[in-house]
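Undergrad: One structure, pasted below without further comment.
The values are calculated or read from the model by the stated rules, or taken from the named source; none is laboratory data. None of these values were measured; they are calculated from a predicted model. Every residue, glycine as well, gets a Cβ built from its backbone with ideal geometry; the counts of neighbours run over all protein chains shown.
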Amino acid sequence: MTLRLVKIGLFVASVVGLALWLSHKNKPNVVNGPAVITTPNGTVVVQQPGKPPTTVYQPQPDSTVISTDSHGNVTVSVKAFGIGFDPGIGAAYSDKLRLSLDSRLLFYKRLGLNVGLAFSTSRDTELADIVKPFAAVSYALPFSKLSNTSVYLGATLDRGIIGGVRVKL
């Protein structure tokens, strides 16, 4: 019993330590001098005269803060790690093709931790096989045409593997 409690305590301590370490990744980018800032397809593009553009992915666009000081320096603060509710719908495959509804709960840049439900699409299924809850790790695709699309891979509650594609709602 005490060995099990020690394992649980170590797991919780490592998760808290990882969360604290990742929270320090939310540092702002400071651009000296004037800049033109655009936000196409979930990214922030900073263009300065005579320099190549800098592109920063923003996993949660409503949390990005852009400010300027009295000297004309621009500060772009993109939240790289955080907790949020980002619902999505998609297609998954575990033992057969399924429709999935999920939510990204934690994110670090393009990676996310999702939980959801996978619904059976066939009519001749048993009652216990209609819905499969799952947890998965997702990756937001870096292509501009698919900026709201992610792929994920995870496990169901009955210890099966599930993978799929999701689109943000």
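Undergrad: Looking at the range 119-127, can you tell me whether even one residue there is more than 14 Å from R98 (Cα to Cα) and in contact with an Asp or Glu (Cβ under 8 Å, 6 or more places away or on another chain)?
TA: Looking for residues that are more than 14 Å from R98 (Cα to Cα) and in contact with an Asp or Glu (Cβ under 8 Å, 6 or more places away or on another chain), one finds none in the range 119-127, hence no.
Undergrad: With surrounded by fewer than 11 Cβ atoms within 10 Å (Cβ to Cβ) and either farther than 26 Å from L106 by Cα or not β-branched (V, I, T) (or both) as the only criterion, which of P34, P52, P59 stands out?
TA: Just a single option satisfies the conditions, and that option is P52.
Undergrad: A further question follows. Please determine whether any residue of the range 106-125 is modelled with pLDDT under 90, part of a strand (DSSP E or B), surrounded by 14 or more Cβ atoms within 10 Å (Cβ to Cβ) and touching a strand residue (DSSP E or B) at 6+ places or on another chain (Cβ under 8 Å).
TA: No, the conditions are met nowhere in the range 106-125.
Undergrad: Somewhere in the range 17-25, is a residue more than 23 Å from R166 (Cβ to Cβ), touching a strand residue (DSSP E or B) at 6+ places or on another chain (Cβ under 7 Å), surrounded by 10 or more Cβ atoms within 10 Å (Cβ to Cβ) and in contact (Cβ under 8 Å) with a residue 12 or more places away in the chain?
TA: yes
Undergrad: For the range 67-117, what are the residues that are polar (S, T, N, Q) and touching a residue at least 12 places away in the same chain (Cβ under 8 Å)?
TA: Going residue by residue through the range 67-117, those that are polar (S, T, N, Q) are 67-68, 70, 73, 75, 77, 94, 100, 103, 114.
Hits for the range 67-117 are N73, T75, S77, S94, S100, S103, N114.
Undergrad: Still on this structure, please answer the following. Identify all residues within the range 6-29 that are of a type outside the set (D, E, K, R) and under 15 Å from I83 (Cα atoms); write none if there are none.
TA: Within the range 6-29, the first condition is being of a type outside the set (D, E, K, R), and the residues that meet it are 6, 8-24, 26, 28-29.
Selection gives V15, V16, L18, A19, L20, W21, L22, S23, H24, N26.
Undergrad: So which residues in the range 85-143 are of a type in the set (S, T, N, Q) and under 17 Å from the mean Cα position of the chain (by Cα)?
TA: S100, S103, N114, S138
Undergrad: Let me ask you something else. Among the residues of the range 53-74, is any in contact with a helix residue (DSSP H, G or I) (Cβ under 9 Å, 6 or more places away or on another chain) and either among the hydroxyl-bearing types (S, T, Y) or more than 27 Å from K168 (Cβ to Cβ) (or both)? I'd like the intermediate steps shown before the answer.
TA: Initial filter on the range 53-74 (in contact with a helix residue (DSSP H, G or I) (Cβ under 9 Å, 6 or more places away or on another chain)): none.
No: zero hits.
Condition check ((1) assigned by TED's automatic domain parsing to the domain that holds A128; (2) in a strand (DSSP E or B)) across all residues:
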{"site": "P34", "(1), (2)": "no, no"}
{"site": "N41", "(1), (2)": "no, no"}
{"site": "V45", "(1), (2)": "no, yes"}
{"site": "T55", "(1), (2)": "no, yes"}
{"site": "P59", "(1), (2)": "no, no"}
{"site": "G88", "(1), (2)": "yes, yes"}
{"site": "R104", "(1), (2)": "yes, yes"}
